[in-house]
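Encoded as structure tokens, the structure appears first; notes follow it.
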């Protein structure tokens, strides 16, 4: 009996070891994409990295194009001047081509002053670089966060009547440390790029936020309040709800199919962006096989292929918000990943207040740490029909963003516009509700509807009369190509 027990024990141990080896092997290879949801913070960090990578590449392409055009214009202008000088002899020596530094960056007031002081022998002064030098100093005033109702209404005059409970909420509100962090990040960016005026943010982009406040209602409900402008985000994809997307988007190297808010796929319909990313992998592999491809380019291609494969796995496992159809706002990623009790989280309910109207939304994506005031294309076009990914809907600091930290649903899924509205209405009730005559906006589902393929039988058992299928609604204009 003892011998039999030992034999069984050895067999079980051997089987357990084999299962352990198999489990470790599967763990090392990575989980099947469709069965695991990426942790929030890891997903947010990766997605913001992807988004910033895309923005950088797009900006680099635009800058190279502009540089090429500027160079061509400069050459053409130089040729024109040389031809003119051949024909007309100038009365005094020409000054040559002059670059006006005041034009190197718009919205930066550039002042110049020449100072002279007695020097020594010209031979000595010529040898001293400090004798003939220019000093460039950038002066920046860092703003102070506003705290009172009067200060908020300087930019948004209708705010008090729209949210009558806001004055009482502000009485004990405190300035968020993220306001200082935001402008510290901006100053760090300016310091890093101060030697190149073309790399500096404009005055408009530097001063994009009036305040960030932490407030608490009488029942303990936390409120994250931010007053800023609104820029546009055009990201996201979801094969379950939108099976096809324009070729210009599918094949774009700049469009990001991800948002920080995501959930497990609910159908077998592939994400439409996968085809474009697979085509980019095929193109990269073809370039790798080309003997003319440089070593530096090969390294970049290998990194790019790995990045594309990770993205495809994510798209095969999860779905995301679609900026063209879903109303959501964007919060800097350093705030989203904070453990502070007032930090908005992905999925938290929020409202956007503008010009006397209140719009329900959720926190849907993470953005750069040196800018605030971003929302989905759907939200932007509701505030201003002329908004596009390249044309912000509101340039002034008139938009109030209010997030209710910790309010998100435990289970993520496709946005339910009616449920979002109901939840936001309930949360607004805890801070004083809406003003007289103010209604909470009701979002309409603009996603194209699939025509019905069959009709249910009538009470008599006969098929119902054929009905005209609902035509898909046209997509909002301004989609990036």
Please specify each residue of region 261-279 satisfying the condition of being surrounded by 17 or more Cβ atoms within 10 Å (Cβ to Cβ) and either touching a helix residue (DSSP H, G or I) at 6+ places or on another chain (Cβ under 9 Å) or assigned to a loop (DSSP other than H, G, I, E, B) (or both). 261, 262, 265, 271, 272, 273, 274, 276, 277
For region 348-375, name all the residues that are assigned to a loop (DSSP other than H, G, I, E, B) and within 15 Å of the chain's Cα centre (by Cα). 368, 369, 370, 371, 372, 373
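The rows are residues; the columns are (1) in contact (Cβ under 8 Å) with a residue 24 or more places away in the chain; (2) in the same structural domain as residue 388 (by TED's automatic domain parsing); (3) part of a loop (DSSP other than H, G, I, E, B); (4) over 30 Å from residue 155 (Cα atoms).
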site: 243; (1), (2), (3), (4): yes, no, yes, yes
site: 300; (1), (2), (3), (4): no, no, no, yes
site: 305; (1), (2), (3), (4): yes, no, no, yes
site: 311; (1), (2), (3), (4): yes, no, no, yes
site: 334; (1), (2), (3), (4): yes, yes, no, no
Against the conditions (1) exposed (fewer than 13 other Cβ atoms within 10 Å of the Cβ); (2) within 22 Å of the chain's Cα centre (by Cα); (3) in a helix (DSSP H, G or I), where does residue 339 fall short? Just the number, please. (3)
Hits in region 245-260 (condition: over 19 Å from the mean Cα position of the chain (by Cα), assigned to a loop (DSSP other than H, G, I, E, B) and more than 16 Å from residue 325 (Cβ to Cβ)): 251
Here, helices (runs of 4 or more DSSP H) confined to region 105-199 with at least 1 residues that are crowded, with 16+ Cβ neighbours inside 10 Å and touching a residue at least 12 places away in the same chain (Cβ under 8 Å) are 149-155, 159-162, 166-170, 177-193
Can you go through 405, 385 and tell me which one is touching a residue at least 60 places away in the same chain (Cβ under 8 Å), in a loop (DSSP other than H, G, I, E, B) and either assigned by TED's automatic domain parsing to the domain that holds residue 179 or crowded, with 22+ Cβ neighbours inside 10 Å (or both)? 405
Can you name the residue in region 388-399 that is in a strand (DSSP E or B) and under 18 Å from the mean Cα position of the chain (by Cα) and is also surrounded by the most Cβ atoms within 10 Å (Cβ to Cβ) among such residues? 399
Right, residue 356: surrounded by fewer than 17 Cβ atoms within 10 Å (Cβ to Cβ), more than 22 Å from residue 324 (Cα to Cα) and in contact with a helix residue (DSSP H, G or I) (Cβ under 6 Å, 6 or more places away or on another chain) or not? yes
Yes or no: region 273-286 includes at least one residue that is in contact (Cβ under 8 Å) with a residue 40 or more places away in the chain and either in contact with a strand residue (DSSP E or B) (Cβ under 6 Å, 6 or more places away or on another chain) or not assigned by TED's automatic domain parsing to the domain that holds residue 308 (or both). no
Quick test for you: out of 156, 150, pick the one residue that is within 30 Å of residue 214 (Cβ to Cβ) and touching a strand residue (DSSP E or B) at 6+ places or on another chain (Cβ under 6 Å). 156
Which members of region 280-298 meet the condition of being assigned to a loop (DSSP other than H, G, I, E, B) and surrounded by fewer than 11 Cβ atoms within 10 Å (Cβ to Cβ)? 290, 291, 292, 294
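The values are calculated or read from the model by the stated rules, or taken from the named source; none is laboratory data. Just so we're clear, the structure is a prediction, and the values are computed from it rather than from any experiment. Positions of Cβ are backbone-derived with ideal geometry, glycine not excepted, and every protein chain shown enters the neighbour counts.
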